[in-house]
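To start, the structure itself, in structure tokens.
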Amino acid sequence: MSQARGPVKSAERALAVIDLVGERGAATFAEISESLAMPRSSAHGLLATLVAAGWLELSDRRYRLGLHVWQLGQRYDGHRLLLETAKPHMDRLVQATGETVQLARLDGIENVYIGISLSPNPMRMASTVGMRLHAHATGIGKALLSVLEEGEARTRLDSVVLPQLTPRTVTDVPQIMRIVSRAKQLGFATDDEEFVAGCRCVAVPLTTVAETGIAAAMSITMPKSRTAEGWQHALYGPLRDAAQAIRGEMGLRGALSP
């Protein structure tokens, strides 16, 4: 009878290197070996292999992601239908509200942005497609957590140390679970300066893993200075309507929001 094998150390190291370089944009040999606690002899061979295979490029003594990463990324279509359907609605939300609209999916305990329609205003949150943020501190992250089974959400939150990003960030797991439960009842989640001081967000869940294979949510983000009393409810209406329209076009039955 075959036995399950554990992770292959060399493969784990290679993936860790690619992740590190991707997060930093570029890194030197010393930065990579020290950050990942890799012996210099092992790092030399691994980096040479990744460069030769096109996963990394070496220029001016700094490693960057290679062409092969981009080529492989172009073949990924796990959320293509969702993004293609949502983008026109996101653009219309920007026109209606004047604020940035973001689409994200859940990966572990982080929300990963897969689509962004930027506000025309010069003052706006600096976010990019592919950016990963802590779900416990963002409105869109809490909306994503709200579509998980309660036990699953709690397990994910308990599995990591939740950072305190601003004085308003909630890091206590039972309290976060109460906030997520409340978001599920209301149909929307908020971020009131919990990720970045001076920034607010309203978000609604969009799809579940059972429906499309991914948990996705959509948000409107803006500076606190451009919000008035009742900002959450004022933005929830158009956000909810856009989410329901997107779900309808994708052939998903019913609405996730009350």
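The values are calculated or read from the model by the stated rules, or taken from the named source; none is laboratory data. Since this is a predicted model, take the numbers as computed values, not measurements. Positions of Cβ are generated from backbone atoms using ideal geometry, with glycine treated the same way; all protein chains shown enter the neighbour counts.
Output the helices (runs of 4 or more DSSP H) that fall wholly within region 15-102 and possess 2 or more residues being at pLDDT 90 or above and β-branched (V, I, T), or say none.
Correct list: 40-52, 80-97.
Kindly provide the set of residues from region 103-127 that are hydrophobic (A, V, I, L, M, F, W, C) and not in a loop (DSSP other than H, G, I, E, B), ordered by number.
L103, A104, L106, V112, I114, I116
If you check every pair at least six apart or on different chains, which have Cβ atoms under 6 Å apart with a residue in region 242-258 that is closer than 14 Å to A217 by Cα first and a residue that is at pLDDT below 80 second?
Qualifying pairs under 6 Å: Q244/A255.
Could you list, in sequence order, all residues of region 210-232 that are without any contact (Cβ under 8 Å) to a residue 12 or more places away in the chain and in a loop (DSSP other than H, G, I, E, B)?
Across region 210-232, the qualifying residues are A228, E229, G230.
Name the pairs: first residue in region 81-92 and farther than 14 Å from A217 by Cβ, second residue in a helix (DSSP H, G or I), Cβ to Cβ under 7 Å, at least 6 apart or on different chains?
T85/I246; T85/E249
Report whether or not A183 is aliphatic (A, V, I, L, M) and more than 30 Å from G22 (Cα to Cα). Explain how you work it out, then say what you get.
On the way: aliphatic (A, V, I, L, M): yes; more than 30 Å from G22 (Cα to Cα): yes.
Considered against the rule, which asks whether it is aliphatic (A, V, I, L, M) and more than 30 Å from G22 (Cα to Cα), A183 comes out as yes.
If V180 satisfies every condition in (1) free of Cβ contacts under 8 Å to residues at least 60 places away in the same chain; (2) crowded, with 19+ Cβ neighbours inside 10 Å; (3) touching a strand residue (DSSP E or B) at 6+ places or on another chain (Cβ under 7 Å) but one, which is the exception?
Here V180 clears every test but (3).
When you check T190 against the structure, is it among the β-branched types (V, I, T), closer than 21 Å to I246 by Cβ, touching a residue at least 12 places away in the same chain (Cβ under 8 Å) and surrounded by fewer than 19 Cβ atoms within 10 Å (Cβ to Cβ), yes or no?
No.
Mind checking which residues of region 169-205 are among the aliphatic types (A, V, I, L, M) and more than 25 Å from S159 (Cα to Cα)?
Within region 169-205, L186, A197, V202 meet the criteria.
For the structure I just gave you, tell me whether V101 is touching a strand residue (DSSP E or B) at 6+ places or on another chain (Cβ under 8 Å), under 18 Å from I246 (Cβ atoms) and in contact (Cβ under 8 Å) with a residue 24 or more places away in the chain. Explain how you work it out, then say what you get.
Details: touching a strand residue (DSSP E or B) at 6+ places or on another chain (Cβ under 8 Å): yes; under 18 Å from I246 (Cβ atoms): yes; in contact (Cβ under 8 Å) with a residue 24 or more places away in the chain: yes.
Yes; evaluated as a whole, the condition is true for this residue.
Assess whether A48 counts as being small (G, A, S), out of contact with any Leu (no Cβ under 8 Å at 6 or more places or on another chain) and touching a residue at least 60 places away in the same chain (Cβ under 8 Å).
no
List the number of the failed condition for A143; all other conditions in (1) touching a Pro at 6+ places or on another chain (Cβ under 6 Å); (2) surrounded by fewer than 13 Cβ atoms within 10 Å (Cβ to Cβ) hold.
So the condition that A143 fails would be (2).
Matching residues to (1) over 26 Å from G237 (Cα atoms); (2) touching a Leu at 6+ places or on another chain (Cβ under 6 Å); (3) not in a helix (DSSP H, G or I):
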position	(1), (2), (3)
V129	no, no, yes
L133	no, no, yes
E152	yes, no, no
T155	yes, no, no
P163	yes, no, yes
A197	no, no, yes
C201	no, no, yes
V204	no, yes, yes
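Answer yes if at least one residue in region 149-161 is of a type in the set (A, V, I, L, M, F, W, C), surrounded by 19 or more Cβ atoms within 10 Å (Cβ to Cβ), out of contact with any Ser or Thr (no Cβ under 9 Å at 6 or more places or on another chain) and closer than 19 Å to T207 by Cβ, and no otherwise.
Taking every residue of region 149-161 in turn, none turns out to be of a type in the set (A, V, I, L, M, F, W, C), surrounded by 19 or more Cβ atoms within 10 Å (Cβ to Cβ), out of contact with any Ser or Thr (no Cβ under 9 Å at 6 or more places or on another chain) and closer than 19 Å to T207 by Cβ.
Conditions tested, residue by residue: (1) more than 19 Å from T100 (Cα to Cα); (2) over 18 Å from the mean Cα position of the chain (by Cα); (3) in the same structural domain as G151 (by TED's automatic domain parsing).
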site: R182; (1), (2), (3): yes, yes, yes
site: R200; (1), (2), (3): no, no, yes
site: V204; (1), (2), (3): no, no, yes
site: T207; (1), (2), (3): yes, no, yes
site: I214; (1), (2), (3): yes, no, yes
site: Q232; (1), (2), (3): no, yes, yes
site: P238; (1), (2), (3): no, yes, yes
